[in-house]
Structure formats: structure tokens, C-alpha cells
Amino acid sequence: MKPKITACSCGALAPLATLKGRDYVKDYKVQIMKLKTTEKGFTLIELLVGIAIAVFVVGAASMTIITMMRLSPQSNNWAIALRQVQNTGYWISRDVQMSQEIDDNPPPPEFLRLTLPQPPPALAKTIVYQFEDMSGGLKRLMRNDQTAGQSIMIAEYIYYDPVNDPYDSTQVISYLNRKFTVKIAAVISGDEKVIRQYETMQRVPAP
């Protein structure tokens, strides 16, 4: 199919398709020039503000990470000490509730001596809590079932110095009218301690 022929301004004949193509290219170049004239970059102030914000965010994140790394060992030590105290409180409270006789001032290294009644014909069970020495002056608390000949460790890192430090030391507070009160202290690190006080009622009447 032959293209249509039209006259150009110079009097020469030119194909109509060629003129349309030239107009399209011209319009395309005009659009590109408009885009270039409307494009804008960042100013120096905007760049400086962006850099300042980035530096602030990175600095804050770094401080948070450093703080968490410093607190993590301390938190772990606190959790360990708390677990020792809670375990001691659980076992002593449990045995005191079932005990028939309580000796709250036995000779050292014993800390507490309990007599638990058993169904006949079994003999009464004797439970003795006593301390063993650890490094740094701390104590390990053992629970000895003298009737069965069994011994288990209840807790470590227990702070026991009732003579020189009665305020913070592990000790029996009172035993009156079948109400037994004990304070348990475990060391976190240095002079930091976890201290809890437990009150338990003796359920079994004295013989």
C-alpha cells in the first residue's frame, strides 16, 4: 500500500507518514525537556537534616544494645538468687506444715530440725536442714532425711551470718503458737541480695 503524498511548506512533496513521525519525535523531546526542568534534587540542608536523624537513630540503638548487654548478666544473677530463695522457702514451708516437732535452734551446722509423723507402724521421720560452706563465705543448704538416709541440695549462694548481720542474714525469725517465720537471703553479686520472708502454720499438733 502506497503512503499518501502531501505538500510541505517548501513546495516539495513528502509522505504523510513521515511528517507524523517527525511530529511525534518533536512532542517526545518537548516532554523530556519538561520533565528535566521539573525534576528537583535534595538541598544541602535537607541532606544535613537526614544525616543528623540517621546518626541519632543509630546512636540510640547502639546505647540500647550496650545497656542490654550490661544488664543481662546482672539479670541472670538476680534470677538465680531468687530461684534459690524460692526453692528454700518452698521446702521449709512444706516440711514445717507436716511437722509435729520443730527445733528452730539446733547446734551448728544444723539450721532447722523437724520431726514428721508417719502412718504406723513406720517411725517418725527426722528432717535436718544444715549448711555447707561455699567459696566467698556463702552457704549451700542441704536437706537430710536422717530416717531414710537421703540427702538433697536445696539451694546455693545462701547468705548466713546472723551474728554480724542479723538484718540481712538467713535466719529463723520466730516460732510461736505453731506459726513459723523464716527469712531467706541469697547473694546476687557483691553486697546485693534477694531476701524473702516466709510464714507457715504448723498443721500437725504437737504430741
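Being within 18 Å of residue 150 (Cα to Cα), modelled with pLDDT of 95 or more and either of a type outside the set (Lys, Arg) or not in a loop (DSSP other than H, G, I, E, B) (or both) is a description that applies to residue 112.
Taking into account only those residues within the stretch 125-183 that are aromatic (Phe, Trp, Tyr) and outside any strand (DSSP E or B), which is surrounded by the fewest Cβ atoms within 10 Å (Cβ to Cβ)? This residue is 167. For the stretch 96-124, filtering for residues that are among the small types (Gly, Ala, Ser) and buried (at least 16 other Cβ atoms within 10 Å of the Cβ) leaves 1. Do we have residue 149 as at pLDDT below 95, small (Gly, Ala, Ser) and farther than 30 Å from residue 189 by Cβ here? Spelling it out, residue 149 is indeed at pLDDT below 95, small (Gly, Ala, Ser) and farther than 30 Å from residue 189 by Cβ. Within the stretch 184-207, the residues that satisfy the criterion of being more than 15 Å from residue 91 (Cα to Cα), charged (D, E, K, R) and part of a strand (DSSP E or B) are 192, 193. Within the stretch 124-143, the set of residues being out of contact with any helix residue (DSSP H, G or I) (no Cβ under 7 Å at 6 or more places or on another chain) and more than 23 Å from residue 187 (Cβ to Cβ) comprises 124, 125, 126, 128. Applying the set (1) touching a Phe, Trp or Tyr at 6+ places or on another chain (Cβ under 9 Å); (2) surrounded by 18 or more Cβ atoms within 10 Å (Cβ to Cβ); (3) at pLDDT 95 or above to residue 188 leaves exactly one unmet item: (3).
The values are calculated or read from the model by the stated rules, or taken from the named source; none is laboratory data. Everything numeric in this text was worked out from a predicted model, so none of it was measured. Neighbour counts run over all protein chains shown; Cβ positions are idealised from the backbone, glycine included.
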